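Participant: Encoded as structure tokens, here's the structure I'll be asking about.
Derivation of every value follows stated rules applied to the coordinates shown; laboratory data play no part. Everything quoted here is computed from the prediction, not taken from an experiment. When we count neighbours, we look across all protein chains shown, and the Cβ atoms used for this are built from the backbone with ideal geometry, even at glycine.
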Amino acid sequence: MKNITVEPNREWSQPDKPSPLLCLYDSREEVYYEPYKASYQKSSNTISLKYSNGSEAQIRLIPQKKYFKLTLKSVTPRNEVDACKREVTMY
């Protein structure tokens with residue numbers, strides 16, 4: 001993920017040190033699910049993440065002048081996923 005609004009572009013996540021945007025946690029099975037696929041819909045500023053448990057997360061990207069805000073809109077189906085944090089701000 002790069003910040004393309006500035007030069008030089010700032011890398012948010014280094015390729016050799018992956019850091020998923022959102023992991024899902026099932027406390028019953030004590031397992032974390034990392035996304036295996038991500039897509040971005042520019043028209044709605046929405047990021048879609050797909051997980052191996054069949055869930056899909058919809059995240060709204062709200063760009064600001066010096067940061068952007070990510071808000072979790074939905075996780076469907078929940079598939080035993082526990083509570084998720086709803087909002088993150090990245091500077």
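Participant: Per-residue counts of other Cβ atoms within 10 Å, averaged by peptide: what ranking do you get for 26-33, 54-61, highest first?
Facilitator: Taking the mean over residues of other Cβ atoms within 10 Å, the ranking is 54-61, 26-33.
Participant: Hey, rough spin-label estimate for residue 32 and residue 4, points 7 angstrom out along Cα→Cβ, what's it come to in nanometres?
Facilitator: 2.9 nm
Participant: Under a 5 Å amide H to amide H cut-off, with H placed in plane at 1.01 Å, what residues pair with residue 31 once short-range neighbours are removed?
Facilitator: Counting only residues 5 or more places away or on other chains, the set is 26.
Participant: Over the stretch 11-83, what is the relative contact order in whole percent, taking alpha-carbon pairs under 8 Å and six or more residues apart?
Facilitator: Computed value for the stretch 11-83: 23 percent relative contact order.
Participant: I'd like to compare 45-52, 75-82: which one has the highest average count of other Cβ atoms within 10 Å, and what's the full order after that?
Facilitator: 45-52, 75-82
Participant: Here's something else I'd like to know. How far apart, in nanometres, would the label points at residue 56 and residue 40 be if each is projected 7 angstrom from Cα along the Cα-to-Cβ direction?
Facilitator: Each label point is offset 7 Å from its Cα along the Cβ direction, giving 1.9 nm.
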